[in-house]
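K.L.:
Quick one: the structure is below, questions incoming.
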Amino acid sequence: MKHTMEHLNDKDKFQKIDDEHVASLTIHSKKTPGLSRAPRRRYMPGLDGLRAIAVLAVIFYHLGFPWADGGLLGVSIFFVLSGYLITDILLAEWEARESISLKVFWLRRARRLLPALFFTLTVLFLWLLFFRPAMLASFKGDALAAILYVSNWWYIFHHLSYFQSYENPSLLTHFWSLAVEEQFYVIWPLFVLYALRHPKVRRFLFGITIVGAGLSVALMAVLYQPEADPSRIYYGTDTRAFSILIGAALAMVLPSKKLTCVLSRGTRILLEAAGTLALIIILSMLVFTNEYDGFIYQGGMFGLSVATAVVIAAAAHPSTWFGKVLGILPLRWLGIRSYGMYLWQYPIIILSLNNFDAGIPRLARFIVEMVLIIAVSALSFELVESPFRSGAVSSFFKNYIFSKSASVKWYILGIMSLSLIIAFAGIEVYAQSRIQKPMHAAAIQKKETGQSVSDIHHESVSKTRGQNITSEKHKTAAGAKAQPVSKSGTVNKRPSSTTKSAGEPNLSAVLQRQHVTAIGDSIMEDIKPYLSSRFRYITINAKEGRHIEEAPAIVSQMKNNGTLGNIVILELGTNGPVTINQMNSLIKQIGSKTQMIVTTTRVPRPWEDQVNQTMRQSAAAYPNVTLVDWYSASSGHPDYFEPDMVHLNQTGSQIFTNLLVNAAKSIAK
């Protein structure tokens, strides 16, 4: 998301917006050499406040707060702002000069957007080079797509989900929206200039814009499939263009120059009431919708875009208190820096997320991450963005790189960048130490006693009819060997004389008669050797990166082969959301005569709460479904996990297995 840069005079008073789109201000020093200035326009502080709301919504969504499940809609707010401001710039220049300099327009876009982008990519590359080299391979391709502003199509063609990306997440996934806007920057000025030069087309410009928005909305609705990942329509320029075009249409009927007259009392009250109602609608959608809510793809985003246009009209008018409230200093300060905040928020969250979950309270993690995001964004704004935006590249090199004052700035920039690297390194070392301490203690215990972790107590298995089942004490078989695994990820275990002695101590009589099927992802792979040692008849089908969409085909194949057990364990949700419709369909496919065990998940990603809510609802709705609440059982136990705080170590694998065995016992009795 790009951001509208504003000019400040020498007395630090806000004067007006230059010609950027979504939320940044330029310090006005002296005229840019070689670039003619666009007609000066009034600064609208309320729009910076709206940008702040949009970027905070996106950040809170990526942080995984359940009350910000609809925060991804903040991108639509940016799109409408972009369409309005850029179209307003183009129309104002045409009216003043009866021409539009595309070269100057595109140079201004590059000068405002590229410095911060290259700074972000450079710092991330260096960080990965020294601390996360395994991520470099995918980063290079993503970075090239980001530089060329084709990230959205890059992710579409590579089938990278925006919503299901736990395994090897891209640090640059959020650049998809920058690509959509840059594509708009290239295509839209060409079309507007053509239309303005041809009177027969000019008279239909507004109508063409509205029709284009309608076609985009319709395409999103048609391509939406309730049970499929919506990333294609979420990323697509064709399916997201309507938000930008709605903003453009607003600029045609209410350009900023028309918002300077004094309003009558009745008109002002009406405008403020409409703006307030529209803002309430926006905030409600940010709180009460989510990425898998079909409503947002079948008209919801369109409604939010229209509401945003109403807010812009009310906030941009100088006569309304509504604009003054949105333009209060804290929101304005954040809005000015929202471009940098958007660039940095996702990489910071991804790089720190796993480490901060190592026993660190969520509130503390949130505070640290927000401080990092704001600090890095402010640094980028002051030392990278503003120097470029204050003049052409030639004057920048002359006045900033080689001057003494600039040397100090670059020295500070280097020190602060180094400090950030050291801070992240410290977080990583701290997290590793938190993880290794309990694991080291467990290793010492095993060395001294010859036993692994045992006597685990949890009340984490609950039956659907309000019945609670408390886990018994268990002693897992130390040194249990994994069963042979096929290429498909399936483990088949059948009774034989060679397996009896190893597994018999853990096999109760009731479990010996059960045929169990376990379907899962990489977490199921973690517990595979422990789970297979506890059941005489068990089929385990596990695969890293598996999503819920793959489960119906697996169940269908097992039914056809006669290998589906009378107890089915389903462990999915690590890699993406699970909707209630998907679970209902799967439960009905398995059948009411088959007992099911479903599990909650612990994964530091935005879909964690959604998955857990779905599993709890499914267990409550079907009498043949039992819930194993792994999320609650593992709460406050970083010693159960590998350093990524998702995959299980030996201790966690044994405990998770105990919970599943207890659930199976309660079903089999």
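K.L.:
Among the listed residues Leu128, Leu172, identify the single one that is in the same structural domain as Trp344 (by TED's automatic domain parsing) and either outside any loop (DSSP other than H, G, I, E, B) or not aliphatic (A, V, I, L, M) (or both).
P.N.:
Values: Leu172 fails: either outside any loop (DSSP other than H, G, I, E, B) or not aliphatic (A, V, I, L, M) (or both).
Among Leu128, Leu172, only Leu128 is in the same structural domain as Trp344 (by TED's automatic domain parsing) and either outside any loop (DSSP other than H, G, I, E, B) or not aliphatic (A, V, I, L, M) (or both).
K.L.:
Can you find, within region 180-229, the residue that is modelled with the lowest pLDDT among those that are surrounded by 15 or more Cβ atoms within 10 Å (Cβ to Cβ) and not in a helix (DSSP H, G or I)?
P.N.:
So the residue we want is Asp229.
K.L.:
With (1) within 30 Å of Pro643 (Cβ to Cβ); (2) among the aromatic types (Phe, Trp, Tyr); (3) out of contact with any His (no Cβ under 9 Å at 6 or more places or on another chain) as the list, and Phe118 as the residue in question, which single condition is left unmet?
P.N.:
(1)
K.L.:
Checking the conditions here, which among Ser305, Ser319 is buried (at least 23 other Cβ atoms within 10 Å of the Cβ) and touching a residue at least 12 places away in the same chain (Cβ under 8 Å)? I'd like the intermediate steps shown before the answer.
P.N.:
Values: Ser319 fails: buried (at least 23 other Cβ atoms within 10 Å of the Cβ).
Every option except Ser305 fails the conditions.
K.L.:
Kindly indicate whether Tyr346 is among the hydroxyl-bearing types (Ser, Thr, Tyr) and in contact with a Phe, Trp or Tyr (Cβ under 6 Å, 6 or more places away or on another chain).
P.N.:
Values: among the hydroxyl-bearing types (Ser, Thr, Tyr): yes; in contact with a Phe, Trp or Tyr (Cβ under 6 Å, 6 or more places away or on another chain): no.
Criteria not met by Tyr346.
K.L.:
Residues to consider are Gly340, Gly335; find the one that is surrounded by 24 or more Cβ atoms within 10 Å (Cβ to Cβ), touching a Pro at 6+ places or on another chain (Cβ under 9 Å) and either free of Cβ contacts under 8 Å to residues at least 40 places away in the same chain or assigned to a helix (DSSP H, G or I) (or both). Please lay out each step first, then the result.
P.N.:
Numbers: Gly340 fails: touching a Pro at 6+ places or on another chain (Cβ under 9 Å).
The unique qualifying residue is Gly335.
K.L.:
Being within 30 Å of Ile53 (Cβ to Cβ), surrounded by fewer than 16 Cβ atoms within 10 Å (Cβ to Cβ) and either charged (D, E, K, R) or modelled with pLDDT under 95 (or both): is that true of Ala110 here? If you could, list the steps in order and put the result at the bottom.
P.N.:
Working: within 30 Å of Ile53 (Cβ to Cβ): yes; surrounded by fewer than 16 Cβ atoms within 10 Å (Cβ to Cβ): yes; either charged (D, E, K, R) or modelled with pLDDT under 95 (or both): yes.
Here the answer is yes, as Ala110 does meet what is asked.
K.L.:
How about region 562-669: which helices (runs of 4 or more DSSP H) wholly inside it have at least 3 residues that are among the hydrophobic types (A, V, I, L, M, F, W, C)? Let's see the steps before the verdict.
P.N.:
On the way: elements: 580-590, 608-621, 630-633, 650-668.
Where helices (runs of 4 or more DSSP H) fall fully within region 562-669 and carry at least 3 residues being among the hydrophobic types (A, V, I, L, M, F, W, C), they are 580-590, 608-621, 650-668.
K.L.:
So in region 238-259, with the set limited to residues that are in contact (Cβ under 8 Å) with a residue 40 or more places away in the chain and of a type in the set (D, E, K, R), which one is surrounded by the fewest Cβ atoms within 10 Å (Cβ to Cβ)?
P.N.:
Quick first cut of region 238-259, residues in contact (Cβ under 8 Å) with a residue 40 or more places away in the chain only: 240-257, 259.
Going one step further and asking which of them are of a type in the set (D, E, K, R), we end up with 240, 257.
On the way: Arg240: 25, Lys257: 14.
Filtering region 238-259 for residues that are in contact (Cβ under 8 Å) with a residue 40 or more places away in the chain and of a type in the set (D, E, K, R), the one surrounded by the fewest Cβ atoms within 10 Å (Cβ to Cβ) comes out as Lys257.
K.L.:
Condition first: buried (at least 22 other Cβ atoms within 10 Å of the Cβ), at positive phi and either modelled with pLDDT under 95 or of a type in the set (Val, Ile, Thr) (or both). Can you find one or more residues in region 594-609 that meet it?
P.N.:
Scanning region 594-609, I find no residue that is buried (at least 22 other Cβ atoms within 10 Å of the Cβ), at positive phi and either modelled with pLDDT under 95 or of a type in the set (Val, Ile, Thr) (or both), so the answer is no.
K.L.:
Could you tell me whether Gly503 is assigned by TED's automatic domain parsing to the domain that holds Trp607, at pLDDT below 90, more than 38 Å from the chain's Cα centre (by Cα) and not acidic (Asp, Glu)?
P.N.:
It is true that Gly503 is assigned by TED's automatic domain parsing to the domain that holds Trp607, at pLDDT below 90, more than 38 Å from the chain's Cα centre (by Cα) and not acidic (Asp, Glu).
K.L.:
Look through region 167-179, keep the residues that are small (Gly, Ala, Ser) and modelled with pLDDT of 95 or more, and return whichever of them is surrounded by the most Cβ atoms within 10 Å (Cβ to Cβ).
P.N.:
Of the residues in region 167-179, the ones small (Gly, Ala, Ser) are 170, 177, 179.
Next, only the ones that are modelled with pLDDT of 95 or more stay: 177, 179.
Numbers: Ser177: 26, Ala179: 21.
Within region 167-179, the match that is surrounded by the most Cβ atoms within 10 Å (Cβ to Cβ) is Ser177.
K.L.:
List the number of the failed condition for Ala619; all other conditions in (1) closer than 19 Å to Met524 by Cβ; (2) small (Gly, Ala, Ser); (3) surrounded by fewer than 22 Cβ atoms within 10 Å (Cβ to Cβ) hold.
P.N.:
For Ala619, the exception is condition (3).
K.L.:
Checking His3 against (1) more than 21 Å from the chain's Cα centre (by Cα); (2) at pLDDT below 50; (3) in a loop (DSSP other than H, G, I, E, B), which single condition isn't satisfied?
P.N.:
(1)
K.L.:
Just the residues that are touching a residue at least 24 places away in the same chain (Cβ under 8 Å) and assigned to a helix (DSSP H, G or I), please, taken from region 260-276.
P.N.:
Thr260, Arg268, Leu271, Glu272, Ala274, Gly275, Thr276
K.L.:
Please go through region 96-125 and pick out each residue that is among the β-branched types (Val, Ile, Thr), more than 18 Å from Met341 (Cα to Cα) and either part of a helix (DSSP H, G or I) or touching a strand residue (DSSP E or B) at 6+ places or on another chain (Cβ under 9 Å) (or both). Don't jump to the end; show me each part of the working.
P.N.:
First, pick out the residues of region 96-125 that are among the β-branched types (Val, Ile, Thr): 100, 104, 120, 122-123.
If we keep only those that are more than 18 Å from Met341 (Cα to Cα) as well, we get 100, 104.
Scanning region 96-125 gives a single hit, Val104.
K.L.:
Kindly check whether there is at least one residue in region 549-570 that is hydroxyl-bearing (Ser, Thr, Tyr), buried (at least 21 other Cβ atoms within 10 Å of the Cβ) and under 21 Å from Arg513 (Cβ atoms). Steps first, answer last, please.
P.N.:
Kept after step one, since they are hydroxyl-bearing (Ser, Thr, Tyr), are these residues of region 549-570: 556, 563.
Narrowing further to those that are buried (at least 21 other Cβ atoms within 10 Å of the Cβ): none.
No, the conditions are met nowhere in region 549-570.
The values are calculated or read from the model by the stated rules, or taken from the named source; none is laboratory data. Since we're looking at a predicted model, the values are computed, not measured. A quick note on method: Cβ atoms are made from the backbone with ideal geometry, for glycine too, and the neighbour counts reach across all protein chains shown.
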